[in-house]
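Structure record follows, encoded as structure tokens.
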Amino acid sequence: MGRAFEYRKAAKLKRWGHMAKTFTRLGKQIAIAVKAGGPEPENNPTLRSLIANCKRENMPKDNIDRAIKNAMGKDQSDYKSMTYEGYGPHGVAIFVDTLTDNPTRTVADVRSVFNKFSGTLGTMGSLAFLFDHKAVFTFKMKDGLDMDEFILEMIDYDVEEEFDIDEEEGTITIYGDPKSYSAIQKHLEEQGFEDVGGDFTYIPNDLKDVTPEQRETIDKMVERLEEFDDVQNVYTNMKPEED
């Protein structure tokens, strides 16, 4: 069934990612977007996209407005995007995506979990060959949309042929080159698609089979990592559990 099948085996917002504390994660991303492009969504495409993500996650409007207001404060710390890669127990690759105002604290927290579970924290880029970095966009489906023509058109914007349709939510999810993030977003908005929410994700290209007992251990390690506020998402190459 190929990669399309594998995509659909993963979680909705962050395929292959285990969600951290959603509102905290989105709040930090809003802070970065506001600092980079200003507090007005109409003039800040990245912020506009994040607000769509917030709505999809049922984040209250007051929380969104507060995150934007806080990002404008002079005493707000600057967050840095840091990634940590390594192997957990049973040879499962683990990729930790963080936003932090204190990298020294964050790497110590992440390393402590790897050590606790007898894992090995590697150098940045050491697992690049196991994961594909992708831009991912989810937006409302249009009536009468011809998906074959649409995808053919989007290939010009470095979008992959694989896509995901959620009939229940009435949304489409597409994947593309992270370097084309802005161009993809701009084109989708110009074509009149609603609630265009964009993000980035890491998708494993080599899945590892595990036993139920091994899965339980890896899940515990991921849960422990997600307890840290700095952690945005945790990705593994563990094969999804069969339905």
When you look at Met82, is it out of contact with any Asp or Glu (no Cβ under 6 Å at 6 or more places or on another chain), within 19 Å of Glu227 (Cα to Cα) and either of a type in the set (Lys, Arg) or modelled with pLDDT under 80 (or both), yes or no? no
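Kindly provide the set of residues from the range 22-47 that are charged (D, E, K, R) and free of Cβ contacts under 8 Å to residues at least 40 places away in the same chain, ordered by number. Before the answer, list the steps.
We begin by selecting, within the range 22-47, every residue charged (D, E, K, R); these are 25, 28, 35, 40, 42.
Selection gives Glu40, Glu42.
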Residue by residue through the range 223-236, note down the ones that are buried (at least 22 other Cβ atoms within 10 Å of the Cβ) and within 18 Å of Gly91 (Cα to Cα). Leu225, Val234, Tyr235, Thr236
So is Asp148 free of Cβ contacts under 8 Å to residues at least 24 places away in the same chain and outside any helix (DSSP H, G or I) or not? no
Within the range 118-135, residues being of a type in the set (A, V, I, L, M, F, W, C), surrounded by 17 or more Cβ atoms within 10 Å (Cβ to Cβ) and assigned to a loop (DSSP other than H, G, I, E, B) number 1
Those residues that are under 16 Å from the mean Cα position of the chain (by Cα) and either surrounded by fewer than 21 Cβ atoms within 10 Å (Cβ to Cβ) or not small (Gly, Ala, Ser) (or both), I need them from the range 183-204; list them, please. Gln185, Val196, Asp199, Phe200, Thr201, Tyr202, Ile203, Pro204
Determine whether the range 7-23 contains at least one residue that is at negative phi, of a type in the set (Phe, Trp, Tyr), surrounded by 18 or more Cβ atoms within 10 Å (Cβ to Cβ) and at pLDDT below 85. yes
How many of the residues making up the range 39-91 are part of a helix (DSSP H, G or I) and in contact with a Leu (Cβ under 6 Å, 6 or more places away or on another chain)? 2
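Among the residues of the range 102-111, is there at least one that is in a loop (DSSP other than H, G, I, E, B) and acidic (Asp, Glu)? Let's see the steps before the verdict.
To start, the set of residues in the range 102-111 that are in a loop (DSSP other than H, G, I, E, B) comprises 102.
Right, trim to acidic (Asp, Glu) and you get none.
Checked the range 102-111: no residue is in a loop (DSSP other than H, G, I, E, B) and acidic (Asp, Glu).
I'd like the residue in the range 136-163 that is over 15 Å from Val196 (Cβ atoms) and within 21 Å of the chain's Cα centre (by Cα) and, out of all such residues, is surrounded by the fewest Cβ atoms within 10 Å (Cβ to Cβ).
Of all residues in the range 136-163, those over 15 Å from Val196 (Cβ atoms) come to 143-144, 146-149, 151-153, 155-156, 158, 160-162.
Narrowing the set further to residues that are within 21 Å of the chain's Cα centre (by Cα) leaves 158, 160-162.
Working: Asp158: 16, Glu160: 17, Glu161: 14, Glu162: 17.
Among those residues, the one meeting the criterion is Glu161.
The values are calculated or read from the model by the stated rules, or taken from the named source; none is laboratory data. A quick note: this is a predicted structure, and the numbers were derived from the prediction, not measured. Backbone-built Cβ (ideal geometry, glycine too); neighbour counts: all protein chains shown.
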